[in-house]
Amino acid sequence: MRIALVGNPNCGKTALFNQLTGGRQKVANYAGVTVERKEGRFVAPSGRTLHILDLPGAYSFEATSPDEAITRDVCHGRYPGEAAPDLIVCVADATNLRLHLRFVLEVRRLGRPVVLALNMMDAARRRGIAIDVAELSRRLGVPVVETVAVKRGGAKALIARIDESVPDIVPAAIDQASVEQLHTEVRSILAATVTTSRDTVAIDDAIDRWALHPVFGLAILATLMFFIFQAVFSWAEPIMDAIESGIAALGVFVTGFLPADSALHSLLNDGLFAGLGAVLVFLPQILILFLFILVLEESGYLPRAAFLLDRMMFRVGLTGRAFIPLLSSFACAIPGIMATRSIQDPRDRLTTILVAPLMTCSARLPVYTLLIAAFIPSRSVWGVFNLQGIVLFTLYFAGIFSALGVAFVMKRLRKDKSEHALIMELPSYRLPNVRDIGLGLWERAMIFLKRVGGIILALTVLLWFLSSFPGPPDGATQPAIDYSIAGRLGRMLEVIFAPIGFNWQICIALVPGLAAREVAVAALGTVYAMSGSDDSVASQLGPLIANQWSLATALSLLAWYVFAPQCMSTLAVIRRETNSWRNVAVAAGYLFGLAYLASLATYQIARALS
Amino acid sequence: MRLSDAPKGANAVVQSVSDAHPADPIAQRLRDLGFVAGEPVRLVARGPLGGDPLLIQIGSTRFALRKSEAARVDVLVDGAA
Ligand SMILES: Nc1nc2c(ncn2[C@@H]2O[C@H](COP(=O)(O)OP(=O)(O)OP(=O)(O)O)[C@@H](O)[C@H]2O)c(=O)[nH]1
Ligand SMILES: [Mg+2]
């Protein structure tokens, strides 16, 4: 049997889906988290296997955004290659029935078997909302069960109900009811079944008075953002140092057993320890960044930030709704670009997709950190801030401002005067659950380690190979890498990149960086280890480049990474989400152009000044 | 009075939502969200820049609406005629 979870945004469908299937799909406190259909399976107590479908939230079957259209099509059996579900579990937020019941009525009109899950019953009880479930079920003509999707065992009643029998279909009383009629029905149902003391939660009102205050609200937002960048830089440092020395010690220990001039010794020392070690060090920073993102996502603050920034974003041709996709892009542009599906206006959506790669993704953090630690002195500024933290902050902001600039130019080019919608729900604040955040971080750590052990390892080994062969001719005077394939390629690319101050080692590192940006750091580690005369290079990349590069080159590379056009997966997802190669070409072209120009300007100015 | 012109904190009741142009999807969406005649609404806050967008409470739900969107909603403010 195939069961679809349908309901308004943010009512807990995905939390319920995870509860049923044991899945780990993303749950967060804002509308539009789920943007595609996700399938899972679960074996009911009776032994039957049920297929569960998690769908994007929708306010109505009159879809106004791509994610709502998916839900509409699946429910109507119009989704390509998929029959309509056998049973619809309509999920509604018990604290928000005035809004959610209308969509329940719309779903009931489909004429398919429906079970209503009243979710968030814990919150409803806390707020003193009393619901007469039996009466509600009688009036709706569908079975109603209470659930608490975020509590273990909170879906028991729902499981029991769907395992029992497929409920009868209620013949729609009024087939072509107008909106007003539906709302009238909702009101009469509510009057008969629900008693509430007050509409809002006092704590929400109190927080919003500050968080949305015209002056304090913006100040709080700016402070919060700045605090995050400082934390990413300063909290992680001790742990990073520990990992770094750990890897170096391990490298010395392991390679100690191998003959010093063997290929295996070189592969382990120059490829694995110098390459992978250089990337692994950044795990703590990435986790701290995600800690903040996860807490913010679950708190309900993000839509508030979108509210505060909507006007400004609108002026430059974006929308407040773009805030959350763009913020997700700080983790990685790929989920960020996917999240734009919740933007109603196709033009707003395209603009957001095209500027999302300008948000500094976590894969660029290793590059930034490496260069900042090597070239920027760790000095305190005005007693409170660290100069390194400030430089990092500036780099992030350079990305944000260029995104605003690019969006503005696109708006101008489009010359479009029509109206774009905002209409965005602000959810109740919620205290993040420590266990969920912990699990989320654990997951991020695993993803990162898998990347390191997978694509980054593969590319590093490949690069080591290309930098080792062909070996140097007899009587060679230069380091072996100069005669290898990678060395030659680097020299060729150097012609293009010399004006922006990149040496051939950087040029080589940029190539595998196309597949995963962090690899650039691993690649630099390997390349320098290969060209170094001694073997002590492992995980000492920072001091080494500090010696060999000019400050101008370092700054230029930082500027390059603000735009960093080289990420294949991002371009692939742009292609998939916009279904157009033209957009891919536009994105790649403008990113490359901006990166080159920015680096050129940075390099030339820095050189002129020094 | 238009909802976009309602004073901050005032309680109001929706009279109607008008289409800005034929088959206006924004007006349709507002009606779906509960902006229908007789529904009590409140303008809770205004955005920091130019007073845009507006934070509107309807039932127990809060929506951020741009001024141009809220202007489609005709309301009667309590106390005012
Ligand atoms: N207190 C409480 N919170 C819940 C419950 N179910 C879900 N939540 C929270 O509600 C928020 C939304 O949950 P999601 O599962 O992401 O909601 P969704 O319906 O999938 O949302 P979209 O994918 O955006 O449509 C999250 O912050 C959850 O932690 C519940 O039963 N009780
Ligand atoms: Mg979801």
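Any idea what % of Cα-Cα pairs in the protein assembly as shown are farther than 43 Å? Provide the component values of the computation, followed by the final result.
Values: 77622 of 238395 pairs.
For the protein assembly as shown, the share of Cα pairs beyond 43 Å comes to 33 percent.
In the stretch A:21-69, the residues that give up 10 Å² or more of accessible area when the other protein chains are added, compared with the chain on its own (1.4 Å probe), are A:59, A:60, A:62, A:64. Principal axis extents of the Cα atoms in the stretch A:2-199, from largest to smallest and rounded to whole angstrom, are 39, 37, 33. Taking each DSSP H run with n ≥ 4 as -39500 (n - 2.57) and averaging over every residue of the protein assembly as shown yields -16000 deg cm²/dmol at 222 nm. For the stretch A:329-452, a Kirkwood hydrodynamic radius built from all Cα pairs, placed in the Stokes-Einstein relation at 25 °C and 0.890 mPa s, yields a translational diffusion coefficient of 138 µm²/s. Rounded to the nearest 10 degrees, the inclination of helix A:283-299 to the longest alpha-carbon principal axis of chain A is 20 degrees.
Within the stretch A:306-400, which chymotrypsin sites (Phe, Trp or Tyr not before Pro) sit in a loop by DSSP and count at most 10 neighbouring Cβ atoms inside 10 Å? Don't jump to the answer; show the numbers that get you there.
Working: sites: A:307, A:314, A:323, A:330, A:368, A:375, A:382, A:385, A:393, A:396, A:397; in loops: A:330, A:382.
Sites meeting the loop and neighbour criteria: A:382.
At a 10 angstrom cut-off on C-beta neighbours, averaged per residue, how do the peptides A:68-81, A:268-281, B:25-38 rank from highest to lowest? Could the numbers behind the result be given before it?
Values: A:68-81: 16.5, A:268-281: 25.7, B:25-38: 20.5.
Per-residue mean Cβ counts within 10 Å order the peptides as A:268-281, B:25-38, A:68-81.
In summary, the aspartates and glutamates within cross-link reach of residue A:415, defined as a Cα separation below 16 angstrom excluding same-chain residues under 8 places away, comprise A:345, A:348.
Enter the mean number of other protein chain beta carbons within 10 Å of the beta carbon of each residue in A:179-191, as an integer. Before the final figure, lay out the partial values.
Numbers: counts 9, 4, 1, 3, 8, 3, 0, 3, 4, 0, 0, 1, 0.
Partner Cβ neighbours, averaged per residue: 3.
Quick check: at a probe of 1.4 Å, how many percent of the accessible area of the protein assembly as shown sits on carbon and sulfur atoms? Within the protein assembly as shown, the accessible surface is 63 percent carbon and sulfur.
For the stretch B:35-55, a decrease in accessible area of 40 Å² or greater in the assembled protein chains relative to the isolated chain, with a 1.4 Å probe, applies to B:36, B:39, B:48, B:49, B:52, B:53, B:55.
Checking the Cα-Cα distances for A:26/A:156; A:411/B:8; A:13/B:67 against a 28 Å cut-off, the pairs over it are A:411/B:8; A:13/B:67. Residues of the stretch A:289-310 whose accessible area, computed with a 1.4 Å probe over protein heavy atoms, drops by at least 40 Å² once all protein chains are present relative to their chain alone are A:307.
If you take the accessible area of A alone, add that of B alone, and subtract the area of the pair, what total do you get in Å², probe 1.4 Å, to the nearest 100? Don't jump to the answer; show the numbers that get you there.
Values: alone 26860 and 4640 Å², together 28240 Å².
Interface area, both chains combined: 3200 Å², rounded to the nearest 100.
Pairing the Cα long axis of helix A:66-75 with the longest principal axis of chain A, what angle in degrees results, from 0 to 90 and rounded to the nearest 10? So the inclination is approximately 50 degrees. To the nearest ten degrees, helix A:551-563 and the longest principal axis of the Cα atoms of chain A are 30 degrees apart.
In the stretch A:87-180, how does Rg compare with the Kirkwood Rh, expressed as the Rg/Rh ratio over alpha carbon atoms? Provide the component values of the computation, followed by the final result.
Values: Rg = 13.3 Å, Rh = 13.8 Å.
Ratio of gyration radius to Kirkwood radius for the stretch A:87-180: 0.96.
Using the heavy atoms of the protein chains and a 1.4 angstrom probe, tell me the accessible area per residue for the protein assembly as shown in square angstrom.
On the way: 28240 Å² over 691 residues.
Heavy-atom SASA per residue in the protein assembly as shown reads 41 Å².
Computed from the Kirkwood radius of its Cα pairs, the Stokes-Einstein diffusion coefficient for the stretch B:3-75 at 20 °C and 1.002 mPa s stands at 179 µm²/s.
The values are calculated or read from the model by the stated rules, or taken from the named source; none is laboratory data. Predicted model only: the values in this text are computed from it and were never measured. Every residue, glycine among them, receives a Cβ derived from its backbone with ideal geometry; neighbour counts consider all protein chains shown. With ligands, DNA and RNA removed, areas are computed over all heavy atoms of the protein, side chains included. Shrake-Rupley method; radii C 1.70, N 1.55, O 1.52, S 1.80 Å.
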